[in-house]
Structure formats: structure tokens, C-alpha cells
Amino acid sequence: MTLSPSSPYPDRYALFDRDMWQAVGENTAYHLAAADLDALRGLNDTTDQDDLSAIFAPLIHLIRTHRDHLASLKTGMGNVLGTPPRKAPYIIGVAGSVAVGKSTFCRVLRQMLAQSLGSAGRVDLMCTDGFLWPLADLEERGLLARKGFPESYDRRALLDTLEQIKDGAEQVEIPVYSHVTYDIDPDRKQIIDNPDILIVEGLNVLEISTVGSPVAQTHAGDYFDFTLYLDADEDDIRTWYIHRFLTLKNSVFQTPESYFHRYAHLNDDEARILAGDIWANINAKVLEQHVAPSRFRADAILRKGKGHRVETVAVRKP
Ligand SMILES: Nc1ncnc2c1ncn2[C@@H]1O[C@H](COP(=O)(O)OP(=O)(O)OP(=O)(O)O)[C@@H](O)[C@H]1O
Ligand SMILES: CC(C)(CO)[C@@H](O)C(=O)NCCC(=O)O
């Protein structure tokens, strides 16, 4: 891999600062009303109207351009082969660490993409957390401290599901994970019904795993048309994780349904220490060993600075 002296990215990426990136989206009119954005923002997330025009509008412009050209390519190939192209969702993968802000990012992306497609288009969002093994299985197999690592997911089921969706299947049922119970929710299923665009969010969307035969490596990335990686310094993500843990300790953890209810009585200093330990023992390791190494497989890498604001966007050159 060649890294240019002035850029932390391989040469195949073009690097944009916030102003340069905003210019890519100039003359586009993708926006969200303030109330809609408020409803999509997750805990402690700072995504604001300026991010919509500076970060999301150019990204949507790029994704729409890619999707439109891909459709023409498919039609052209179909003409040569005499077979009309299949209707299959355009799938966007969004990877990044725990607590980097994927959830808010994906909800906003979904809403703005849906708006850009108009009333005829449908954009769905799913999270790979639904493919974590149930909590009891993780406990039985000694994998509780490995949550987020490749072996904590039913990778075969995830890949089979992506394959079905990519094949244009209707009514694909997927499991749903609850952050509150820390487990798969047995009472909920999500239905993916052949949307126009599907966003798949998760730690592991860019990871290469060996499921089945070690020779026949299956890569979740094989199913994606466009991939994004949400990046930030580990120190910053750690700070966001601990801050969020404190907020949760004083809210969700107080309810008996919360898996972390056992820590509801901790004072803030104790909770900060516990969160730092969970970060160091689990999430930092997943980030270092599995998530961050997958970064340079992404089509675009959005890097956040201390205040959660995206400061640079690196895009794979066409
Ligand atoms: N223990 C918990 N109890 C309740 N909700 C939680 C808990 N941990 C995380 N969440 C919520 O679940 C969502 C997903 O968090 P996750 O750590 O998977 O990564 P993320 O999507 O990058 O997070 P975020 O968007 O908050 O940065 C977040 O919106 C967060 O507020
Ligand atoms: C569910 C995952 C793996 C990913 O979203 C993560 O939020 C998680 O629960 N990690 C385990 C360590 C922790 O509780 O933060």
C-alpha cells in the first residue's frame, strides 16, 4: 500500500476537507427539516443542519451518481446479453467502531436518500447486530467478552440473508437486537421487502470472514454496491463511549429491563471506570483487530474530529 507523504490515505483515495467536500454537493437540494433531524439524532450526537449541507448532500450526490450509472451499466450489459437486468436493491454498507455514531449517521442518510428518490422509492436500514448470537449462547460458549468480534455473529446467517436480499427476494425476515436487554429480541423481526436502497450498518460489514470452507472465503462486502467507513481517533471514540455510558447509567440502566441495571447504583466516577474497562477489554480490541483494519476497503472514509464533526472525507478515486 502506498501512502502519500501528505495524506494518511493510500494513493487510490482523493482527500477532501470539509469545504472542498461541500463544494462537491453544490447545486444539490438535499435537506431535512430541523424537527426531522431532531427525531433522528441519537444520544449525545451533534449532527446539525450544517452537516446536512456540508457532509450529507455531497455524499448523496455521489451515491446517486454511482447508482444511476450502475443502472445504465446493467441495462447496457442486459442489452448485450439479451436478458433484462434483475430488480435488486442497491446496497450501501456502513462500518465503524462501537460509539462512533453509525446509528445517527445511517438514520440521516436513509431519510435524505429517501427524499432524493421521491415518493416512489423506498430506503430500508438494517443493522448486523441482529445477527449476534443470542446472549445465552454467547454466555454458554464463553464469548460474552468477545461481543463484536467475528465469532460473536452468526456470519453464515448474515451472508445468506444478504444473498437473498441481493437476489431481489421479497419479505426477508431478519432478527432484531436490543441494546437495552443486550440480546436478540425474541418478539421482534424486521422485514426487508425488496427496497430500492438498503443501508446495512455494523462493525463488521467490511470484514472478510472464513465461514464454511476456509478456502471459499465469503466477504460480506461482495454484496455491497457502495461502502462507507466512519472513522475517528480511538481516544475520541473512547471519550464518546464513556460519556454515553454515563448518560445511559443515569437513564436507561435505571429500568429493570436493562442488562446494565446491575450497574444502575454506581456513582459517576465508578461508572466512568467501568465504562473505560469495557472499552479497553472489548470494544478497543475489536476496533484495533477487526474494524480499523477493514477501513481501506471502503469506497469513502468519513473522519470525525473531537466534536463529532466530520472533518475530512476520503473517496476512492474512480
Ligand atoms: N447499553 C445500552 N443501553 C441502551 N442503549 C444503548 C446501549 N449501548 C448503546 N446504546 C444505543 O444503541 C445505539 C447503537 O450504539 P452502537 O454502540 O452500536 O454504535 P453506534 O451506532 O456507532 O453508536 P452511536 O450512534 O451512539 O455512536 C446508540 O444509539 C446508543 O445510544
Ligand atoms: C452490540 C455491539 C457489539 C455492537 O453494536 C456493541 O454495542 C456491544 O455491545 N459491545 C460489547 C461491549 C459493550 O457492552 O460495550
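The values are calculated or read from the model by the stated rules, or taken from the named source; none is laboratory data. As the structure is a computational prediction, the values presented were derived from the model and not from experiment. Using ideal geometry, Cβ is built from the backbone for each residue, glycine included, and neighbour counts are taken over all protein chains shown.
Points to keep in mind about this one:
- Scan the stretch 293-318 for residues that are within 14 Å of ligand 1 (Cβ to nearest atom) and farther than 17 Å from residue 243 by Cα and the total you get is 2.
Rundown of residues vs (1) free of Cβ contacts under 8 Å to residues at least 24 places away in the same chain; (2) within 13 Å of ligand 2 (Cβ to nearest atom); (3) of a type in the set (Val, Ile, Thr), yes/no style:
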{"residue": "162", "(1), (2), (3)": "no, no, no"}
{"residue": "168", "(1), (2), (3)": "no, no, no"}
{"residue": "182", "(1), (2), (3)": "no, yes, no"}
{"residue": "192", "(1), (2), (3)": "no, no, yes"}
{"residue": "202", "(1), (2), (3)": "no, yes, no"}
{"residue": "206", "(1), (2), (3)": "no, no, no"}
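- When 287, 228 are screened for being within 12 Å of ligand 2 (Cβ to nearest atom), at pLDDT 95 or above and closer than 15 Å to residue 96 by Cα, only 287 passes.
- Selected residue [farther than 24 Å from residue 184 by Cβ, over 20 Å from the mean Cα position of the chain (by Cα), modelled with pLDDT under 95 and more than 10 Å from ligand 1 (Cβ to nearest atom)] from 271, 216: 216
- Any hit, the stretch 105-119, residues being under 22 Å from residue 234 (Cα atoms) and out of contact with any strand residue (DSSP E or B) (no Cβ under 8 Å at 6 or more places or on another chain): no
- Residue pairs whose Cβ atoms lie under 6 Å apart, separated by 6 or more positions or on different chains, with the first residue in the stretch 239-263 and in contact (Cβ under 8 Å) with a residue 12 or more places away in the chain and the second of a type in the set (Lys, Arg), are 242/272.
- Meets criteria (within 14 Å of ligand 1 (Cβ to nearest atom) and among the small types (Gly, Ala, Ser)) for residue 121: no
- From 68, 38, residue being part of a helix (DSSP H, G or I), free of Cβ contacts under 8 Å to residues at least 12 places away in the same chain and under 17 Å from residue 196 (Cα atoms): 68
- Checking residue 43 against (1) among the aliphatic types (A, V, I, L, M); (2) loosely packed, with under 13 Cβ neighbours inside 10 Å; (3) not in a helix (DSSP H, G or I), the condition it does not meet: (2)
- Once the stretch 252-294 is narrowed to residues that are part of a loop (DSSP other than H, G, I, E, B) and polar (S, T, N, Q), the residue that is farthest from residue 150 (Cα to Cα) is 267.
- Residues located in the stretch 222-244, provided they are part of a helix (DSSP H, G or I), away from ligand 1 (no atom under 14 Å from the Cβ) and surrounded by fewer than 20 Cβ atoms within 10 Å (Cβ to Cβ): 222, 235
- Taking the conditions (1) more than 16 Å from ligand 1 (Cβ to nearest atom); (2) at positive phi; (3) modelled with pLDDT of 90 or more in turn, residue 101 satisfies each one other than (1).
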